[in-house]
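The values are calculated or read from the model by the stated rules, or taken from the named source; none is laboratory data. Not measured: the values here are computed from a predicted model. In this analysis, Cβ positions are derived from the backbone assuming ideal geometry, glycine residues included, and neighbour counts consider all displayed protein chains. Surface areas here come from the heavy atoms of the whole protein model, side chains and all, with no ligands, DNA or RNA. Shrake-Rupley method; radii C 1.70, N 1.55, O 1.52, S 1.80 Å.
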Amino acid sequence: MYRVQPAAASVRCRMHSLVALGAAAALVLAGGPALAQATTFQCPALVASTARQPAYRPVPGQPRCEGFYVKNVSQPFVELVSLTQAVPGSWAAGNATGLTLRASRRRDTHLLIQPLRSSPLYRVDAQLARDAGLAWDGAPMLQATGLTLRDLGLLALAGGADPPAFVPVDTHAAGTPPGDKVYAVLRPSVAVSAMSWRGYRLAGPALPDSGWQALAGPPLFAWERVALPIPWPADGRGLRIDVRALDGQGQALPLLQFALLAADDDTPP
């Protein structure tokens, strides 16, 4: 379960496992041999599972990697697991196993499809070309994991590492005008007693409400999700988001940050 909370202006978050994507010089699965680079698309260096199949690996002849992997959690954090134009899970209506996904009209993005909950550790990394729709067949992932489309989070990374920049994934039919909100799903790795967030810009027109706002809903259990609706600024341009959280002892977790790009933005705000 995740909790849906009302938001006021914007959010900014730090991504946990995706930021190291574009820096690799070749496709490498951690713990395994280097793989020949068949396309310009590069998958992140992950430890492929040896206990579950299919293990995470490149899909032959396609700009995509997917499968089960393993990871270690060394410190507490709050992560962004989905950022979409539609309410989380609503894309399952009328769809059995597939989705057509879009993001930026100006930039190629790196698509990550992953479970909203913390397990199973299965993910899809794929290329999402600018101004184009990707017809994604989710059958392999859903059959391997037992999940449904409603259980999945969708992210489109547009680049950057400090902070990473994301474009909300669009699951609507082509030509559908964007709504006035986007939806971020946040997930802490430990129980948290309080969360707050703010949205702002480093330059350009200021936002009317850019101060810290308490997030109603916590306390949250470890790995419990909260869905945060983020209103788009009136000018339609992107913004930056910060999220901070306190654990059960009142200690601050590392700040989560991300840049939120509109579909027509060339550069992060």
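Can you confirm whether the stretch 185-195 contains a residue that is without any contact (Cβ under 8 Å) to a residue 60 or more places away in the chain, buried (at least 21 other Cβ atoms within 10 Å of the Cβ) and either farther than 23 Å from PRO229 by Cα or among the aliphatic types (A, V, I, L, M) (or both)? The answer is no; no qualifying residue exists.
For the stretch 60-89, which residues satisfy the criterion of being of a type in the set (S, T, N, Q) and surrounded by 14 or more Cβ atoms within 10 Å (Cβ to Cβ)?
Filtering the stretch 60-89 for residues of a type in the set (S, T, N, Q) gives 62, 72, 74-75, 82, 84-85.
Across the stretch 60-89, the qualifying residues are SER82, THR84, GLN85.
Residue-level analysis places ARG130 outside the set of residues that are crowded, with 17+ Cβ neighbours inside 10 Å and farther than 17 Å from TRP91 by Cβ.
Would you point out which residue out of ASP137, ASP108, ASP170 is charged (D, E, K, R) and touching a residue at least 60 places away in the same chain (Cβ under 8 Å)?
Values: ASP137 fails: touching a residue at least 60 places away in the same chain (Cβ under 8 Å); ASP108 fails: touching a residue at least 60 places away in the same chain (Cβ under 8 Å).
Criteria check complete, one pass: ASP170.
When THR171, THR145, THR176, THR109 are checked against the criterion of being β-branched (Val, Ile, Thr) and either at positive phi or surrounded by fewer than 17 Cβ atoms within 10 Å (Cβ to Cβ) (or both), THR176 stands alone in meeting it.
So in the stretch 229-264, with the set limited to residues that are within 14 Å of SER104 (Cα to Cα) and touching a strand residue (DSSP E or B) at 6+ places or on another chain (Cβ under 8 Å), which one is most open to solvent (accessible area, probe 1.4 Å)? If you could, list the steps in order and put the result at the bottom.
As a first pass, look at the stretch 229-264 and keep what is within 14 Å of SER104 (Cα to Cα): 236-238, 259-264.
Those left that are additionally touching a strand residue (DSSP E or B) at 6+ places or on another chain (Cβ under 8 Å): 238, 259-261, 263.
Values: GLY238: 3, ALA259: 1, LEU260: 0, LEU261: 1, ALA263: 20 Å².
Ranking the candidates gives ALA263 first.
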